[in-house]
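To start, the structure under review is shown below, and the notes come after it.
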Amino acid sequence: MSNIKKAFENGKAFIPFITCGDPDLETTAKAVRAAVKGGADLIELGIPFSDPTAEGPVIQGANIRALRGGVTTDKVFELVKELRRDVTVPMVFMTYANVVFSYGSEKFISTCKEIGIDGLIIPDLPFEEKDEFQPVCDKYGVDLISLIAPTSHERISMIAKQAQGFIYVVSSLGVTGTRSEITTDLGAIVDVIRKNTDVPCAIGFGISTPEQAKKMAALSDGAIVGSAIIKILEKYGKDAPEHIGEYVKSMKDAIR
Amino acid sequence: MTNPNGRFGIHGGQYIPETLMNAVIELEKAYNFYKNDEQFNKELSELLNDYAGRPSRLYFAKKMTEDLGGAKIYLKREDLNHTGAHKINNVLGQALLAKKMGKTRLIAETGAGQHGVATATAAALMGMQCVVFMGEKDTKRQALNVYRMRLLGAEVIPVTTGTATLKDAVSEAMREWTSRIDDTHYCLGSVMGPHPFPTIVRDFQAVISKEIKQQMLQKEGRLPDAVLACVGGGSNAIGSFYHFIENKEVALIGCEAAGRGVDTFETAATIATGKLGIFHGMKSYFCQDEYGQIAPVYSISAGLDYPGVGPEHAHLHDIGRAQYVPVTDDEAVNAFEYLSRTEGIIPAIESSHAVAHALKIAPTMDKDKIIVITISGRGDKDCAAIARYRGEDINE
């Protein structure tokens, strides 16, 4: 059974996203622990990529800062090993197809298993291309997380039927980033997902306030927040972990 | 050449966010319908002939041939097309297709500005809105084209992320497309990106080799021995190669931008220095580091300054059907000046890469051999930059 299921056992799940190495890996480690303490149910760790085409300016900025700081895939693996000494909540990687491919998918995914990474989110790997990594993910028991978008329409059932871990429901058109309003009929999308699978689904893209998180979690099994957390890192740098802990607590309290 | 999943050998595919999947599926369906539609083809032919000025000339470069003393050299004059480059062939096709699909807005990326100008032109002609993304660095080195696009009614958005060149313009256009799909067609300018773009763009550019073949048979009664074209993403090259792929005796040579040299980090010669990867929607060769981070490539030519190459070229390289050679900035600038002085034709700095390679190989070939160089665009846009390269500061 997927370890990711554990994330959805404490009521609605709160899932923070943190780009590894922004501004440095020590801060990332502290931020992850602060988020767990604040009540995060699953941690989404971003491995930076030079050209993140699905990201808005905020997460693009985090990627650039992290890469300038010298972060590499191997250093991120070391970070996860260190975190796994005490962090027990499920953790997944969010990165782009080329980061996995260029490392060698077998080597990358087997390492994920070895160090305690439970799943992979790859925004530039749609259903039609998932065979690029799916067989290797299956071999090592690492979940390949599917994304469903407001434009997926008749594709939802096809994607949901083969989903594993959890389903990442993209709330809005466009790239990542905070939004004042989310207008997609997410209830209808979640209904179709529910008809096709028992795999939980969480909503991400555009969520920043506790009110938004509450609304999104009410429609699904959880809320994913990235840009709002990266903004805290941008603002406080090395002092961000404490603020991230408080922020995560406020979000988890709102959706509980 | 393409299988149903948009693969060229192992290359190609559709590595894009789920948000865009239905958009590319809709595009593929529409394209498969209209490519065989009589009315569509009639309208497109009229546009290509009466508006863009096709067929473009196949010109025998007599002085150049005599000067080099080897193979006979013909120039395929895509620079004489309306808007000054081959880009218009693809853009007229895509804009007409978008219009038939009910789209009212075109977005595009541009490097040298030629594709942006062509897209702005087609949008003006067809009464569509147009937004062009262009690396900020390129808006400076190709300032004239920025003005042309604005003059044609397009909005030009300078892209400041990453290296602020073509790669970043593509990323930004993709981001824009994910945020607005209903009324917007992404008019991709090269044989790259997710399926079906590499196939659509190739088909619309294939008119180049179709004409070369007919013109060559008419003038010489036989096929050429070699066809040379510059390769960034590779649209003029695939257009020049396509109808010769089946004629194994015709050598196909793509000329990549080596920048300051393939042994330096300041290069954009993807096939010479890149490795297999997944980026911008496709599997192909990319300049990248050991962790798959895309390399900040460099070339004097904004149009070739791209870290990848179209998937069909990657495949033609794999199977050995086409050969890809690096050409440095210096060699390209020399060729730019050479063709201007020798034939009175100022080629685009992109096309000058192909001319440069011809300068190397033509003298080594027998006089009964024939080579065709595709002059993909005109060089007016490059004059100020080349003058600066030679230490002359001129104002446009």
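Computed values, structure above
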{"quantity": "Some residue of segment A:222-233 being of a type in the set (Lys, Arg) and closer than 17 Å to A:GLY11 by Cα", "calculated": "no"}
{"quantity": "Any hit, segment B:188-201, residues being surrounded by fewer than 24 Cβ atoms within 10 Å (Cβ to Cβ) and closer than 30 Å to B:ARG57 by Cβ", "calculated": "yes"}
{"quantity": "Residue within segment B:227-250 that is among the basic types (Lys, Arg), in contact with a helix residue (DSSP H, G or I) (Cβ under 6 Å, 6 or more places away or on another chain) and at pLDDT 95 or above present", "calculated": "no"}
{"quantity": "Qualifying residue in segment B:289-311 (condition: under 17 Å from the mean Cα position of the chain (by Cα), under 10 Å from B:GLY12 (Cα atoms) and buried (at least 24 other Cβ atoms within 10 Å of the Cβ))", "calculated": "yes"}
{"quantity": "Any hit, segment B:189-202, residues being among the aromatic types (Phe, Trp, Tyr) and within 14 Å of another protein chain (Cβ to nearest Cβ)", "calculated": "no"}
{"quantity": "Any pair with Cβ under 7 angstrom, 6 or more apart, that starts in segment B:15-32 at a residue that is at the interface with chain A (Cβ under 7 Å from one of its Cβ atoms) and ends at one that is among the acidic types (Asp, Glu) and surrounded by 21 or more Cβ atoms within 10 Å (Cβ to Cβ)", "calculated": "B:TYR15/A:ASP124; B:TYR15/A:GLU129; B:ILE16/A:ASP124; B:PRO17/A:ASP124"}
{"quantity": "Helices (runs of 4 or more DSSP H) lying entirely in segment B:200-301 (those with 3 or more residues that are over 26 Å from B:TYR186 (Cβ atoms))", "calculated": "B:207-220"}
{"quantity": "Matching entry among A:GLY226, A:GLY237 (being surrounded by fewer than 17 Cβ atoms within 10 Å (Cβ to Cβ) and under 22 Å from A:ALA62 (Cα atoms))", "calculated": "A:GLY237"}
{"quantity": "Of residues in segment B:34-61 being over 22 Å from the mean Cα position of the chain (by Cα) and closer than 17 Å to B:ALA226 by Cα, the one surrounded by the most Cβ atoms within 10 Å (Cβ to Cβ)", "calculated": "B:ALA61"}
{"quantity": "Checking B:THR160 against (1) in contact (Cβ under 8 Å) with a residue 60 or more places away in the chain; (2) within 14 Å of another protein chain (Cβ to nearest Cβ), the condition it does not meet", "calculated": "(1)"}
{"quantity": "Hits in segment A:134-155 - residues which are in a strand (DSSP E or B) and more than 7 Å from every other protein chain (Cβ to nearest Cβ)", "calculated": "A:ASP143, A:LEU144, A:ILE145, A:SER146"}
{"quantity": "Residues of segment A:108-133 satisfying the condition of being within 14 Å of another protein chain (Cβ to nearest Cβ), of a type outside the set (A, V, I, L, M, F, W, C) and within 19 Å of B:PRO17 (Cα to Cα)", "calculated": "A:PRO123, A:ASP124, A:PRO126, A:GLU128, A:GLU129, A:LYS130, A:ASP131, A:GLU132"}
{"quantity": "Subset of segment B:348-396 (residues that are out of contact with any helix residue (DSSP H, G or I) (no Cβ under 7 Å at 6 or more places or on another chain), modelled with pLDDT of 95 or more, of a type outside the set (Gly, Ala, Ser) and not in a loop (DSSP other than H, G, I, E, B))", "calculated": "B:GLU350, B:HIS357, B:LYS360, B:ILE361, B:THR364"}
{"quantity": "Residues located in segment A:11-27, provided they are touching a Ser or Thr at 6+ places or on another chain (Cβ under 9 Å) and not in a strand (DSSP E or B)", "calculated": "A:LYS12, A:CYS20, A:GLY21, A:ASP22"}
{"quantity": "Of the criteria (1) modelled with pLDDT of 95 or more; (2) surrounded by 20 or more Cβ atoms within 10 Å (Cβ to Cβ); (3) closer than 30 Å to B:LYS360 by Cα, which one B:GLU66 fails", "calculated": "(2)"}
{"quantity": "Residues satisfying the stated conditions in segment A:121-136, i.e. closer than 23 Å to A:PRO52 by Cα and either of a type in the set (Val, Ile, Thr) or buried (at least 23 other Cβ atoms within 10 Å of the Cβ) (or both)", "calculated": "A:ILE121, A:ILE122, A:PRO123, A:ASP124, A:LEU125, A:PRO126"}
{"quantity": "Single condition A:SER105 does not satisfy, out of (1) within 13 Å of chain B (Cβ to nearest Cβ); (2) among the polar types (S, T, N, Q); (3) surrounded by 24 or more Cβ atoms within 10 Å (Cβ to Cβ)", "calculated": "(3)"}
{"quantity": "Subset of segment B:286-307 (residues that are among the aromatic types (Phe, Trp, Tyr) and either within 11 Å of B:ASP329 (Cβ to Cβ) or touching a residue at least 60 places away in the same chain (Cβ under 8 Å) (or both))", "calculated": "B:TYR298, B:TYR306"}
{"quantity": "Qualifying residue in segment B:219-234 (condition: of a type in the set (D, E, K, R), within 29 Å of B:SER299 (Cα to Cα) and out of contact with any Lys or Arg (no Cβ under 8 Å at 6 or more places or on another chain))", "calculated": "no"}
{"quantity": "Residue in segment B:100-112 that is more than 27 Å from A:ASP51 (Cβ to Cβ), modelled with pLDDT under 95 and more than 16 Å from the chain's Cα centre (by Cα) present", "calculated": "no"}
{"quantity": "Pairs with Cβ under 9 Å, 6+ apart, first in segment B:93-109 and crowded, with 20+ Cβ neighbours inside 10 Å, second among the charged types (D, E, K, R) and assigned to a strand (DSSP E or B)", "calculated": "B:ALA98/B:ARG105"}
{"quantity": "Qualifying residue in segment B:137-157 (condition: touching a Leu at 6+ places or on another chain (Cβ under 8 Å), closer than 29 Å to A:ASP51 by Cα and more than 14 Å from every other protein chain (Cβ to nearest Cβ))", "calculated": "yes"}
{"quantity": "Residues within segment B:302-337 that are modelled with pLDDT under 95 and in a helix (DSSP H, G or I), tallied", "calculated": "0"}
{"quantity": "Filter result (without any contact (Cβ under 8 Å) to a residue 12 or more places away in the chain and of a type outside the set (S, T, N, Q)) within segment B:249-275", "calculated": "B:ASP263"}
{"quantity": "Segment A:1-24 - residue that is polar (S, T, N, Q) and touching a strand residue (DSSP E or B) at 6+ places or on another chain (Cβ under 7 Å) and, of those, farthest from A:SER50 (Cα to Cα)", "calculated": "A:SER2"}
{"quantity": "Exclusive hit being in contact with a Gly (Cβ under 8 Å, 6 or more places away or on another chain) and more than 14 Å from every other protein chain (Cβ to nearest Cβ), set B:VAL325, B:VAL297, B:VAL333", "calculated": "B:VAL325"}
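For (1) of a type in the set (S, T, N, Q); (2) within 14 Å of chain B (Cβ to nearest Cβ), each residue gets a yes or a no:
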residue: A:TYR168; (1), (2): no, yes
residue: A:SER171; (1), (2): yes, yes
residue: A:ASP185; (1), (2): no, no
residue: A:ARG194; (1), (2): no, no
residue: A:ASP198; (1), (2): no, no
residue: A:PRO210; (1), (2): no, no
residue: A:LYS214; (1), (2): no, no
residue: A:ASP239; (1), (2): no, no
residue: A:GLU242; (1), (2): no, no
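The values are calculated or read from the model by the stated rules, or taken from the named source; none is laboratory data. What you are looking at is a predicted structure, and each value in this text was computed from that prediction instead of being measured. Cβ sites come from the backbone with ideal geometry, for glycine too, and all protein chains shown count toward neighbours.
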